[in-house]
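Notes follow the structure.
The values are calculated or read from the model by the stated rules, or taken from the named source; none is laboratory data. Model, not experiment: these values are computed from the prediction. Here the Cβ positions follow ideal geometry from the backbone for every residue, glycine too, while neighbour counts run over all protein chains shown. The protein model used for the area step is the full one, side chains on, heavy atoms only, and it has no ligands, DNA or RNA in it. Shrake-Rupley method; radii C 1.70, N 1.55, O 1.52, S 1.80 Å.
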Amino acid sequence: MNMPSTPPAAAAHTVGVQAGELERYLDDLLQSARFRDYCPNGLQVEGVRPVRRLVSGVTASLALIDAAIARGADALLVHHGYFWRGEDSRLRGMRRERIARLLGNGLALLAYHLPLDAHAQLGNNAQLALQLGFSTTGTAGENGIIAWGDIECPTPQAPGSVGEAPSMVLADLARRVEVRLGRPALVLGNPERVVRRIAWCTGGAQGFFETAIDLGVDVFLTGEVSEQNHHLAMESGVGFIAAGHHATERYGVRAVGEHLAQQFGLCHEFVDIPNPV
Ligand SMILES: [Zn+2]
C-alpha cells in the first residue's frame, strides 16, 4: 500500500542515486503533500554527490552529523530536521555549526516529520507497535496521527483459563515498555487497572491524551508528559505512559532507511545517539 514502483536497485548500487530522486520517492511513499507540518519535509540540505551510503537517525544533531561523516555517508535521513515553524531562522550558534558541518562535508539532509510518524507500515506508530506488541485497529486525529488497537497478551497457560480474554494490568504493560525500550517509563493512573485497548502516538503527543480518552481506550502511550496529564489520568481513570520522545521515535526512520537501502541498493546504517528525554 502506497509503495511506489520499484526502481532498478541492482544498477543503482555502484553509481548511487541523486538525493532529489530519494526525495521524490519518499514524498510519494510517505504522502508528504497530505500533511500540514511544522517543518518542510524532504531534502532540507542538498549534498554534492550521488548517495551510496545513507545514515539514519532520530535528530539531526551535531553528534549524528559527525557520526554520519565518520561513516562516509553521502546523505543523512532523520525524523527531526531543521527550519521549524516559529524557530529563529538565523544561522547562529548551534544552527550555524550544524549547517556548516553538513555543507563542509557535502552531506545531504533528508527530513520527514509527520509523514514519517503516520505511515501505516514504516511509520513511527506502526514500528513502535511491532516493538511493543500492539495490534492496530484504526487511527484518529488529523492525518491519522494517533493509532489505537489492542495490547497483545501472552495466551493464558493455566488450566481452566482457556477461552478467557487475555489481559494485563497497567503495571505489567509499563514493565513490558521499559524492558523493550530499555529505559524507565513514567506511568500515571492505577497500576492495577486492567488494560486491553490502547492508543499511542510517538514523540511529544501528550496533548492528544483527551482525544485518546474519547476513543474509549484503557491507556494512552506517548513519548513525553505534561503537568495536566496527571490530573486527566486521575479523573478519567485512563492510564498514561510517557515512554520517552527519542525512545519511541527510533523505529520509523530506521525502517524507512532500511526500505531505501533495499529499493536503491544503498549501504544503510541507523545510528542511535542516546537521548534520555
Ligand atoms: Zn518527535
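Counting only Cβ charges, +1 for Lys and Arg and -1 for Asp and Glu, the dipole size of the range 159-277 around its Cα centre is about 280 debye. Considering only alpha-carbon pairs that sit under 8 angstrom and 6 or more positions apart, the relative contact order computed for the chain is 22 percent.
Have a look at Pro154, Pro184, Pro115 and tell me which one the Gaussian network model of the chain (Cα, springs below 10 Å) gives the largest fluctuation. Highest fluctuation among the options: Pro154. As a length-normalised measure over Cα pairs under 8 Å and 6 or more apart, the relative contact order of the range 111-232 settles at 21 percent. Helix 170-181: angle to the longest alpha-carbon principal axis of the chain, degrees 0 to 90, nearest 10? Between the helix axis and the principal axis of the chain, the angle is about 20 degrees.
Distances between placed amide hydrogens fall under 5 Å for Val169 paired with Val195, all partners being 5 or more residues away or on another chain. Once backbone amide H atoms are built at 1.01 Å from N, His119 has Asn124 as its partners under 5 Å, excluding neighbours fewer than 5 places away on the same chain. Peptides 88-94, 229-235, 45-51 ranked from most to least packed by the mean count of surrounding Cβ atoms within 10 Å: 45-51, 229-235, 88-94. Summed over the residues of the chain and divided among them, the accessible surface reaches 47 Å² per residue at a probe radius of 1.4 Å.
Relative to the first principal axis of the alpha-carbon coordinates of the chain, what is the inclination of helix 227-236, with its axis defined by its Cα atoms, in degrees from 0 to 90 and to the nearest 10? Rounded to the nearest ten degrees, it is 40. Ligands, DNA and RNA excluded, the heavy atoms of Glu142 present near 110 Å² of accessible surface to a 1.4 Å solvent probe.
Anisotropy class assigned to the range 231-277 is oblate, per the alpha carbon gyration tensor with a/c at or over the 1.5 cut-off and a/b no larger than b/c.
Taking Cα atoms only, the orientation of helix 251-264 departs from the longest principal axis of the chain by about 40 degrees.
In the range 190-265, the convex hull through the Cα atoms has an average projected area of 6.0 nm², a quarter of its surface area.
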